[in-house]
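These notes concern the structure reproduced below.
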Amino acid sequence: MFGDYSISDLGAILAMQGFAGLILFSVYVLMALGLAIIFGQMGVINMAHGEFMILGAYVTWMTSNAVQHTAPWLFPGYFFIAMILAFIASGALGMLVEWALIRHLYKRPLDTLLATWGLSLILQQAYRSIFGAREVGVELPEWMMGSWQATDSIQIPINGMFVMGLTILITIVVFYILFWSSWGKQVRAVVQNRVMAGAVGINTEKVDRYTFGLGCGIAGIAGSAFTMIGSTGPTAGQLYIVDTFLVVVFGGAASLFGTIASAFSISQTQSTLEFFLSGSMAKVITLLTIVAILMVRPQGLFALKVRK
Amino acid sequence: MSDETKPGLKSPLRRKLLMGMAALPAVSMLGRPAFADVPATSAVNTTGLAVTDSEVTVGILHSVTGTMAISETGSVEAEKLAIEQINAAGGVLGRKIKFIQEDGASDWPTFAEKAKKLLVNDKCAAVMGCWTSASRKAVLPVFEQYNGMLYYPTFYEGLEQSKNVIYTGQEATQQIIAGLDWVNKTKGAKSFYLLGSDYIWPRTSNKIARKHIENHLQGCKVVGEEYFPLGSTQFNSVINKIKLTKPDVIYAIIVGGSNVAFYKQLKAAGIDLSKQALLTISVTEDEIDGIGGENIAGAYACMKYFQSLDNPNNKAFVPAFKKMWGEKTVIGDVTQAAYLGPWLWKLTVEKAQSFDIDKIAAASPGVEFKGAPEGYVRIHENHHLWSKTRVGRAKADGQYELIYETADLVEPDPFPKGYQ
Amino acid sequence: MINSRFFNRSELLGFLALAVLLLVILPLSLDIFRLNLVAKYLTYAFVGIGLVLCWGYGGILSLGQGVFFGLGGYCMAMYLKLEASSVANTKIQSTPGIPDFMDWNQLTSLPFFWKPFHSFPITLLAILLVPAFFALIIGAAMFKRRVGGVYFAIITQAIAAILTILIVGQQGYTGGINGITDLRTLHGWDIRTDHAKFILYFVEVVLLFGCIVAAQFIRLTKLGRILVAMREQEDRVRFSGYSVANFKIFAFCAAAVFAAIGGAMFTLEVGFMSPSFVGIVPSIEMVIYTAVGGRMSIFGAVWGALLVNFAKTSLSESFPQLWLFGLGALFIAVVLAFPNGLSGIWADHVQPRIDRLLASRKSKSAAGMIADGAPAE
Amino acid sequence: MLVGHQPKDFLLAVSGLTVSFDGFKAVNDLSFYVEENEIRVIIGPNGAGKTTVLDLICGKTRATSGSIQFRGQELTKLRENEIVQAGVGRKFQTPSVFEDLTVFENLEISFPRGRTVFGSLTFQRDDTVKQRVEEVAEMIFLKDRLNTYADQLSHGQKQWLEIGMLLIQDPDLLMLDEPVAGMSVSERAKTAELLNRIIKDRSVLVIEHDMKFVEDIAHKVTVLHQGQILSEGTMEHVKNDPKVIEVYLGH
């Protein structure tokens, strides 16, 4: 298929294709970070993760409408407000859910899966009742649309760069929170030994609640960012959940670094395959490869070797 | 939060009120038909359908829950509007239409199950319903077995014809061929890139498009063909391929939520639809609502109906629809086709002077509806509709402006020779 | 002596109650339409019985039972489709004698893997063996490497997703998203008539009781006790000299076969098969039915499938909006408050009262014991 | 490789055994030999690697390097259940019994017959099984509790049950990890009596802190420290070893 094209054309395509992979990578990281915290650190299988993302998307949509109606001059920058609101909304809902549901199930991880699936059904119907069954379109400020003309033949989408920048920022913040802040140390202490952590005066209940809230909040931001490239409907969250779990599991559930590495390898594989095969087959082959690798190496790419 | 941004909250309430009002005259007329020439029930209903002296029951069978609810809501609304209008105009053979609505829940066996309920338990004289081909395929054996009548509104891939179904949407050739001819003639398009969601309608449609491009359009070729899983949101790779192959026309049959991702990413990748021709047969005004008009402005759609059509029928239809379902609602091609269902049924019943399914099936060919919002339509022997093919260009406000329409009605051809 | 009888008293009552309900009460009181609905619900009971064995007893939660349900269903559908696609029936096609969707997709001959499905005995074998073989491969790969719990659940879910995309994508061979539709006759016998539906219902109920008895047999052998033991103390079982992986593979394969029988019956009862029964959502729903009925109880799984589906039909007829709220809430309630589902409630609250009423001095029933034990994890 | 020793001479020959967790060598180049009918006690401070050694022998943990020969059979290459079938039995530190099963069923599962999938499907509870189970139940003081679910037993009774489960396996090498830990005084006495009875006619490897108990039963004592052998010999010898005194008292 390359016969008819000049070297510079191919170079441009290669660059843009690499960039497409990077955007996909950012998307996966955004989706998976929140889950990596909830699943990897707390062991909770949150099947409603997609619905928390969609909540962020709806918050963004509402903010965009509100800003357009009340303060149009703010519109170019509304996205930042929307993301903060999305974080707060999803995080708050997450903490409520942790309090009402999850905290009773820490000893039964598989049951969290079932309970959160029930929750996801309720949330989906709630979105449908509140926002209607149709998809909603979020209008973006003009500066976020279009692309940056790097060279004559290379165009890079601005919202893609925005998503990438956002991903880097959020990753840094998450790493800071979990690995350098004192609260992060508490989280890790609780993860490693709940009883001991309680004994040394850590309020484990509070740590659990805020950790869950943080994970859900990040999902909210991810949902907010997705309105730039994807759709927002009551059931859109379901589309993401398997991919997200696979990214986290493939990376090695307990390792945030693994999550990022796995998001990178999966996204690059998929976007390369997509170029040579049809979208459907690319997806099948990517998923099959992940499953096959997980069968050989069940602990994922990066597993902490622990003494059992 | 203004009320306008929450159509979902508003419409159910309004719907209840309207339904209540619609019921009033029906109650007052109970027992004694208003029109003098009402034929006896025993004469018009020989097969035990739910027809009384004053009422006739039809079914509405669409998904109001699940993933397909997004698409099917409009059809339900249009069918209810048509029924209300028919009742206001005196009903069918002097009988008010009463409807029973069932939820297919986006689940094909549920469709089959509910179809059976509507036919067997409720004895519905006709059913307006289904949206996806899968749901239609699931209910088809039920309608054939229990001899029911289905009015199916969606444009679809063709390859089907049944005595028990009236297809009020276009089959594939009606939507595709005229559009390709037009883009070839007026835009001088020679190379086409075919895209679609991965299921039967896009695949069959693209197959017809490919055959037409390769066999019937001089010097034209297909430079790429790609399919994506339903719900896919990643199109950057194919957009790069499009940039590489520089086709004259992108021919896109992407459905549902994927559309939003596709058009947003297309725009973000710097493809300007006012310069790069894109022809779609899957994006109606309904979908633009989700995609955002600014993302798709400039694209061409090939349909039989646009909300913006300028004819007297449509000028009455659009305000009536908005009055019933809210100012913010938009009306797409399928919604209009769904609106045709109850009317065509009424006209057929009156032509046959009977509710019997066999008589309706026999009387259907040749039935004309002059009041259709899309203009004049007529039922073909193969139970599809003769209708015009139109091309519209998407505007930033979410509406299409009409660019081209065929001079005559296009004949439906569900089993097109040379295209299979 | 414990377990000396095949069913203890309460199980025997449960068996008889179910038999009376399914074989006498429902056929007499329901019209054929409703009876066919019950038959559809019961196909999920097969999956539920398998899940009780592998999840309730073995502690292996599979979120991919739809795969096996679908494999069984597709095997049956392929046979029926071939029968419906006789040359006489398909003479308007460009290639008569092959299924209509293949013709639409330009296939000019029957793909090789369809050919065995001309034969009914091979089809029956395939319904049992194809899913079992598939489960064996997945199970061997995962359990030998000690992938379990959450990871197993997620990987099975991914497999369900992969299979769905494949079936949808390869529509020339599989019928795509529409599935395999318009099935008519089984060995020349029209399965669409009321009479056939009536007979099929009884065939299915008999098969269901067969599966219940088979599951009960497995449960009562030492293998059943090893499954329970494994769920609690996997290492202890290992250090008692058992290959834990082999037992898990067996439980998973058995569950797959039960699910496949359900799937094959589903195809017969409903008249078509499509990828929407293979994916993640139906797979999780099947787990829900089982959890609601009681993951530890074979009868509970049957009741769960019946009641949840019945509620789904009746609620969605009258309150379509409320249905998902109700289902979600029901499910959360079951997980939070009644981990052993309806059968747990029965064993904890109803059965003791009956026992007291009967003033029976017999030792606690096995079902009651299980309900008293620790939850599955 | 084993100068002066034929592996056949010993029931268990551990040589050059090393395992590391992320660079930390929990067991480092460890070699020791257990003879037929020998009762060997392993002692050592916390974190010395005692439990890890048992884990390595029974296959729960895989060795990084080294060899474990049992009757001339290399154990490091076998799976856990194969090691059990070869004749090695293991009791864990915390009682691990099947709480959802009765005492009878617990013992029956450990009965060495019908250990394959097919075997367990066709397993019959015949008189041999019943007899043996009742015999063992009597030994472990649980004869009248055969139909009790194990979750209703006391901590000590669970320990006995687990010992009974090992006993019914009839292993050639029995490994016990702190068998009297967490027991009341009376239970402890009974357990000691029980252990004294069951360790006859087989080799036993015991981890224990209770020095009195150790003195009572040990033929030979191995002292572990930081994954290596600090001292080995009779109790008397070990007690007087300056290195041992240093480690135990130096802390």
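The values are calculated or read from the model by the stated rules, or taken from the named source; none is laboratory data. Just so it is clear, the model here is predicted, and its values are computed rather than measured. In this analysis, Cβ positions are derived from the backbone assuming ideal geometry, glycine residues included, and neighbour counts consider all displayed protein chains.
Annotation: A:Leu140 fulfils all but one of (1) assigned to a loop (DSSP other than H, G, I, E, B); (2) out of contact with any Lys or Arg (no Cβ under 9 Å at 6 or more places or on another chain); (3) not aromatic (Phe, Trp, Tyr); the unmet one is (2). The residues of segment A:165-190 that are closer than 16 Å to A:Met42 by Cβ and either among the β-branched types (Val, Ile, Thr) or in contact (Cβ under 8 Å) with a residue 40 or more places away in the chain (or both), listed by number, are A:Val174, A:Ile177, A:Leu178, A:Val187, A:Arg188, A:Val190.
Can you find even one residue in segment A:127-136 that is of a type in the set (Lys, Arg), at the interface with chain B (Cβ under 10 Å from one of its Cβ atoms) and either buried (at least 19 other Cβ atoms within 10 Å of the Cβ) or under 30 Å from C:Ile154 (Cα atoms) (or both)? Within segment A:127-136 (the criterion being of a type in the set (Lys, Arg), at the interface with chain B (Cβ under 10 Å from one of its Cβ atoms) and either buried (at least 19 other Cβ atoms within 10 Å of the Cβ) or under 30 Å from C:Ile154 (Cα atoms) (or both)), the answer is yes, since at least one residue qualifies. Of the set (1) modelled with pLDDT of 90 or more; (2) surrounded by fewer than 22 Cβ atoms within 10 Å (Cβ to Cβ), all apply to D:Glu108 but (2). The set of residues from segment D:154-198 being under 11 Å from the mean Cα position of the chain (by Cα) and either surrounded by fewer than 17 Cβ atoms within 10 Å (Cβ to Cβ) or without any contact (Cβ under 8 Å) to a residue 24 or more places away in the chain (or both) is empty.
One line per residue, one yes/no per condition, for (1) in a strand (DSSP E or B); (2) of a type outside the set (Lys, Arg); (3) out of contact with any His (no Cβ under 6 Å at 6 or more places or on another chain); (4) farther than 26 Å from B:Phe306 by Cβ:
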residue	(1), (2), (3), (4)
B:Glu350	no, yes, yes, yes
B:Ala362	no, yes, yes, yes
B:Arg393	yes, no, yes, no
B:Asp397	no, yes, yes, no
B:Asp408	no, yes, yes, no
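Of all residue pairs spaced 6 or more apart or on separate chains, those with beta-carbon atoms under 6 Å, a first member in segment D:120-141 that is polar (S, T, N, Q) and a second member that is in a loop (DSSP other than H, G, I, E, B) are D:Ser120/D:Gly114. List the pairs whose first member sits in segment A:33-44 and is on the phi > 0 side of the Ramachandran plot, whose second member is not in a helix (DSSP H, G or I), and whose Cβ atoms are under 8 Å apart, counting only residues at least 6 apart or on separate chains? From segment A:33-44, the pairs are A:Gly43/A:Tyr106. Picking from A:Leu10, A:Leu74, A:Leu24, A:Leu96, which residue would you name as being surrounded by fewer than 18 Cβ atoms within 10 Å (Cβ to Cβ), assigned to a helix (DSSP H, G or I), within 14 Å of chain B (Cβ to nearest Cβ) and of a type outside the set (Asp, Glu)? Only one candidate passes the filter, namely A:Leu10.
Of the helices (runs of 4 or more DSSP H) lying entirely inside segment A:165-251, those containing at least 2 residues that are crowded, with 23+ Cβ neighbours inside 10 Å span A:182-192, A:204-226, A:236-251. When C:Leu71, C:Leu37, C:Leu53, C:Leu61 are screened for being assigned by TED's automatic domain parsing to the domain that holds C:Gly139, part of a loop (DSSP other than H, G, I, E, B) and touching a helix residue (DSSP H, G or I) at 6+ places or on another chain (Cβ under 8 Å), only C:Leu61 passes. Of the listed requirements (1) farther than 27 Å from C:Gln106 by Cα; (2) in contact with a Gly (Cβ under 9 Å, 6 or more places away or on another chain); (3) buried (at least 24 other Cβ atoms within 10 Å of the Cβ), B:Lys243 misses just one: (3).
Would you check if there is a residue in segment C:208-219 being over 28 Å from C:Ile25 (Cβ atoms) and either in contact (Cβ under 8 Å) with a residue 60 or more places away in the chain or outside the structural domain of C:Gly271 (by TED's automatic domain parsing) (or both)? Scanning segment C:208-219, I find at least one residue that is over 28 Å from C:Ile25 (Cβ atoms) and either in contact (Cβ under 8 Å) with a residue 60 or more places away in the chain or outside the structural domain of C:Gly271 (by TED's automatic domain parsing) (or both), so the answer is yes. Those strands (runs of 3 or more DSSP E) of segment D:21-118 in which at least 3 residues are touching a residue at least 24 places away in the same chain (Cβ under 8 Å) and more than 10 Å from chain C (Cβ to nearest Cβ), considering only elements entirely within it, cover D:24-34, D:39-43, D:65-70.
For segment C:89-148, residues that are in contact with a Gly (Cβ under 7 Å, 6 or more places away or on another chain) and either within 14 Å of chain A (Cβ to nearest Cβ) or not in a loop (DSSP other than H, G, I, E, B) (or both) total 4. Just one residue in the set A:Met42, A:Met16, A:Met47, A:Met31 is closer than 16 Å to A:Thr227 by Cα and either within 11 Å of chain B (Cβ to nearest Cβ) or hydrophobic (A, V, I, L, M, F, W, C) (or both); that residue is A:Met31.
Does A:Val67 count as among the β-branched types (Val, Ile, Thr), out of contact with any Lys or Arg (no Cβ under 7 Å at 6 or more places or on another chain) and touching a residue at least 60 places away in the same chain (Cβ under 8 Å)? Judged against the criteria, A:Val67 is not a match. When D:Met165, D:Met175 are checked against the criterion of being part of a strand (DSSP E or B) and at pLDDT 90 or above, a single residue qualifies: D:Met175.
Would you check if A:Leu101 is at negative phi and within 20 Å of the chain's Cα centre (by Cα)? Answer is no for this residue. Please determine whether any residue of segment B:62-79 is assigned by TED's automatic domain parsing to the domain that holds B:Asp333, in contact (Cβ under 8 Å) with a residue 40 or more places away in the chain and in a strand (DSSP E or B). Checked against the condition, which is being assigned by TED's automatic domain parsing to the domain that holds B:Asp333, in contact (Cβ under 8 Å) with a residue 40 or more places away in the chain and in a strand (DSSP E or B), segment B:62-79 yields at least one hit. Of everything in segment B:71-104 that is touching a Pro at 6+ places or on another chain (Cβ under 8 Å) and within 14 Å of chain A (Cβ to nearest Cβ), the residue that is nearest to C:Thr193 (Cα to Cα) is B:Asp103. Considering segment B:292-306, the residues that are assigned to a loop (DSSP other than H, G, I, E, B) and surrounded by 24 or more Cβ atoms within 10 Å (Cβ to Cβ) include one that is nearest to the other protein chains (Cβ to nearest Cβ), namely B:Ala299.
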